[in-house]
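Data first, discussion second: the structure below is written as structure tokens.
The values are calculated or read from the model by the stated rules, or taken from the named source; none is laboratory data. Only a predicted model underlies this, so the values are computations on that prediction, with no experimental measurement involved. Every residue, glycine among them, receives a Cβ derived from its backbone with ideal geometry; neighbour counts consider all protein chains shown. Please note that ligands, DNA and RNA were not included when accessible areas were found on the heavy atoms of the full protein model with its side chains. Shrake-Rupley method; radii C 1.70, N 1.55, O 1.52, S 1.80 Å.
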Amino acid sequence: MMNRILFACLFLTLSTESSSLSCRWMDHKFRQHNEETLNLLDTMAKNASNTTEVEVTVAFPNHLYHQVSKSSAEDKLAFTVQILEEVAALFEEDHSSASWEDSTVRNLLNIVNKQAEELHSCIGSHSHKKKTTKLHMYFKRLSHHILKEMGHSAEAWEVIRKETKAHLMRAEQLASSLHTAQ
């Protein structure tokens, strides 16, 4: 009888902790890593050769951020993970025309992938959340309409760099809202 009570208390404690998205990494490392990534993106801008300004033909998905801001903590976290994974996929494309150091791009990819992996582990049993199709389609449009149609040019990569910075800043806001909600 005592074992059943102990087991029930242990189960209740574990399930309560996992549902609150208690995540030490998120509390201590996400902001630090995000700042490093933003600094790398700024470094990339400084290293960019003189590029002509290109009009962005893919609208930033503000409405998706607005929708997810009203969602559960798990949905916010899953959305943030998806942003990081989509950004990593973009930067794995041919960036040889950009005047960035390869080591800077590798560092950026390492940090973004680390963030996605660690945040994904924070949602643990909630990891079955499906990806937001509209967000995925937005990133596909960036890849197709900006990168591919512009031949992966330096100008196209500068647009991607700016869009990425905007996404990482919004991801920081989402993460901060999770931090204050707990």
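One table, with the values for the structure above:
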read-out: Residue tally, condition open to solvent by 30 Å² or more (accessible area, probe 1.4 Å) and under 16 Å from the mean Cα position of the chain (by Cα), over the stretch 136-170; value: 8
read-out: Any chance Val81 is within 15 Å of Phe30 (Cα to Cα), within 17 Å of the chain's Cα centre (by Cα), without any contact (Cβ under 8 Å) to a residue 60 or more places away in the chain and open to solvent by less than 40 Å² (accessible area, probe 1.4 Å); value: yes
read-out: One residue from Lys131, Lys114 being charged (D, E, K, R), closer than 20 Å to His63 by Cβ and either crowded, with 19+ Cβ neighbours inside 10 Å or out of contact with any strand residue (DSSP E or B) (no Cβ under 8 Å at 6 or more places or on another chain) (or both); value: Lys131
